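Structure first, then comments.
Just so it is clear, none of the values below were taken in a lab; they were calculated from the coordinates. All figures in this text were calculated on a predicted structure; none of them were measured in a lab. Reconstructed Cβ throughout: ideal geometry from the backbone, glycine too, with neighbour counts over all protein chains shown.
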Amino acid sequence: MKSNTNSCCSHQTEFDLVQVKGTWTRQTERCRAEQGKLSDAKIYENKSDHGVSWTVVSPIVFTYKVIQCKDILDPRNDTLLWGHIGDEETKGTLTDSEPVKRFVIMDETVHRLYGSQVAQYFEAREVVHRILPLPTTEENKRMELVTKILEEVHEFCIDRRSEPIIAIGGGVCLDVVGLAASLYRRRTPYIRVPTTLLSYVDASVGAKTGVNFAGGKNKLGSYVPPVATFLDCSFFQTLPIRQISNGLAEMLKMALMKHRGLFQLLEADGRKLLHAKLQSCRTSNSSELEDSATASIRIAIETLLEELAPNLWEDDLDRLVDFGHLISPELEMRVLPELLHGEAVNIDMSFMVYLAHQKGLLTGAEKERIIQCMLGLELPVWHQDCTLDLVRKSLKQRLKHSAGSLRMPLPTGLGSAEIFHDVIEDCVLCQAYQKWTDELSSSGNK
Ligand SMILES: NC(=O)c1ccc[n+]([C@@H]2O[C@H](COP(=O)([O-])OP(=O)(O)OC[C@H]3O[C@@H](n4cnc5c(N)ncnc54)[C@H](O)[C@@H]3O)[C@@H](O)[C@H]2O)c1
C-alpha cells in the first residue's frame with residue numbers, strides 16, 4: 001500500500017482500478033487480489049479528521065489522423081467515407097452494415113463550388129446523406145450556427161459511434177462544426193475537410209473548436225479533436241489570392257518560430273508559391289525531390305503537430321504557436337470584417353519583430369528580411385487601428401490570462417525563438433511601436 005502522511009491527522013492511499021468480469025474495483029498495488037484489466041486511471045483516497053476525500057486522476061487519450069490525399073471527391077477514393085478507420089476489419093463490418101449514413105456541413109461558398117461533386121460522391125457510394133450549406137463567415141461565427149447544426153443533426157438521426165459528422169470548408173466552418181460535434185450527445189466524432197490554405201495548415205491540425213462570444217474571438221469552445229482531417233490541396237485552386245496570403249501567414253509563423261529552412265523557402269519562393277496557389281509543380285517526369293509547395297506545406301504541418309501533440313489542451317501556457325496571436329484577436333475583432341485572420345496575425349507578428357529587434361534579439365538585417373518576406377507574401381505589415389493603446393491593452397489581457405507571466409514568444413533569429421516571461425518595459429514598447437509606425441505605415445498596406 002502506497003501511503004504517506006501529510007500531517008499528523010491525514011493519510012493518503014493510492015488505488016489502481018482493475019476490471020474483472022465487467023466490474024471495476026479499487027485495489028492497492030500491494031494488495032492486488034485479482035488479475036484483470038488495469039486502467040490508467042487512479043483514485044487517491046485521503047482520510048483526515050474532517051472526513052474522507054477522493055481525487056480521481058483519469059488520463060484521457062485522443063487519437064486522430066491527419067491524412068493528405070488526392071481527389072478526395074472522386075467516388076473511387078475511399079478516404080472521405082472510411083479514411084478515419086485504420087483497421088480493415090472494422091471498415092469491413094461498417095461497410096456491410098447498410099445503410100451507411102453521413103451528415104455533411106459545408107460552407108455556403110464551398111457548397112456552390114463543390115456541392116454537386118460532394119452529392120455525386122455520396123450518391124455513387126449509395127450513402128444516405130444530408131448536406132447542409134451554411135453561411136459560415138467570421139461575423140456569423142456564433143452559437144446560433146451551432147444550434148442550427150445541432151437541430152439538423154438531431155433530425156437526421158445519426159449513430160453517434162459510427163457515423164461521424166463531416167465539415168467541409170474554411171476555418172470558420174470547421175471550428176463551428178467541431179463545437180457542435182463536441183456538444184452533441186456530449187461528444188460525437190467528426191471529420192474535417194479544410195478547403196482554405198489557412199484551415200489546411202492550421203485550424204485542421206489541432207484540437208480546438210470555437211465560436212465568437214461577447215465580442216471576444218473564440219470565447220466559447222472546446223478541446224475536442226476530429227477523428228480525422230483529410231487534406232486535399234486541390235481546393236486551393238478556387239481560392240482568391242488574398243486567401244492564399246492569409247494561410248501563408250500561419251506558415252510563416254511556424255517558419256519564424258522554429259524552422260529556418262521553411263523561412264528560406266518562403267523568402268525565396270513565397271511570391272511564386274502564392275500565385276501558383278501552392279499547387280505542386282511536380283510532373284510525373286520530375287525528380288523524386290519534393291517541390292517547394294509540397295515541402296513548405298509538409299514542414300508547416302509537421303512543425304505545428306510537434307507543438308500541439310504534447311500540449312493538446314494547452315495546459316502548458318508556454319506556447320510558441322501563440323506568436324502572432326497576442327494582439328491580433330483584439331485587432332481582428334475591432335475591425336471585423338476588414339482583416340482576415342492571417343492578416344491580423346501577420347500585423348501582430350510584424351510588430352513583434354520590431355519589438356524583438358528593440359530588445360536586441362534580432363539584427364536590423366534579420367528584421368528587414370522578415371518584413372520583406374511578409375511583403376513578398378502580399379501580407380499587411382501595419383494597420384492604423386493597431387494602436388499603442390490596443391497593444392498595451394492586449395498585453396495586459398495576456399498577463400491576466402497567463403498565470404501572472406507574459407509568456408511572450410519572440411523570434412531570436414531566423415527560425416528560432418524563445419518565450420519571454422518578463423513584462424516588457426513601457427519605454428521599449430513605445431520605441432518599438434514608434435519605429436514600426438515610422439518605417440511601415442507608408443508601406444502601401446492597410
Ligand atoms: N481551431 C483552430 O485551431 C484555428 C486555428 C486557426 C484559425 N482558426 C479559425 O479559422 C478561421 C479562419 O479560417 P479561414 O481563413 O479558412 O476563413 P473562412 O472559413 O472564413 O474562409 C475564408 C473564405 O474562403 C471561402 N472559401 C473556403 N474555401 C474555399 C475554396 N476552396 N474556394 C473558394 N472559396 C473558399 C469561404 O467561403 C470564406 O469566404 C478563424 O475564425 C480562426 O479563428 C482556428
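Only four residue types carry charge here, +1 at the Cβ of Lys and Arg and -1 at the Cβ of Asp and Glu. Report the dipole size of the chain about the Cα centre in Debye, rounded to the nearest 20.
I would put it at about 640 debye.
Pull out the extension gain between Ser162 and Val52, defined as 0.36 nm times the separation in residues minus the alpha carbon to alpha carbon distance; nm, one decimal.
35.5 nm
With n ≥ 4 as the cut-off for DSSP H runs, can you work out [θ] at 222 nm for the chain, using -39500 (n - 2.57) per run divided by the number of residues, rounded to the nearest 500?
Here the helix-only value at 222 nm equals -12500 deg cm²/dmol.
Ignoring GluC sites (Glu not before Pro) that are buried or in helix or strand per DSSP, and keeping those with at most 11 other beta carbon atoms within 10 Å, what is the longest stretch of the chain between them?
For GluC sites (Glu not before Pro) (loop position, at most 11 other Cβ atoms within 10 Å), the longest site-free span of the chain is 140-287.
Order the peptides 158-165, 221-228 from the highest to the lowest mean number of other Cβ atoms within 10 Å of their residues.
221-228, 158-165
Once the principal axes of the Cα atoms of segment 306-396 are found, what is the range along each, listed largest first in whole angstroms?
That works out to 34, 32, 26 Å along the principal axes.
What ranking, highest mean first, results for peptides 230-239, 392-401, 55-64 when packing means the other Cβ atoms within 10 Å averaged over each residue?
230-239, 392-401, 55-64
With a Förster radius of 22 Å, plug the Cβ-Cβ distance of Ala119 and Thr147 into 1/(1 + (r/R0)^6) and report the FRET value to the nearest 0.05.
FRET efficiency, Ala119 to Thr147: 0.30.
If I model a spin label at Asn140 and Thr387 as a point 7 Å from the Cα along the Cα→Cβ vector, what separation in nanometres do I get?
3.3
Need the C-alpha centroid separation for segment 345-390 versus segment 118-149, integer Å.
38
Taking the Cα centre of the chain as the origin and placing charges on Cβ (Lys, Arg +1; Asp, Glu -1), which of Ala207, Val20, His421 is farthest toward the positive end of the dipole?
The Cα lying farthest towards the positive end belongs to Val20.
Give me the orientation-averaged projected area of the Cα convex hull of the chain, in nm², one decimal.
27.1
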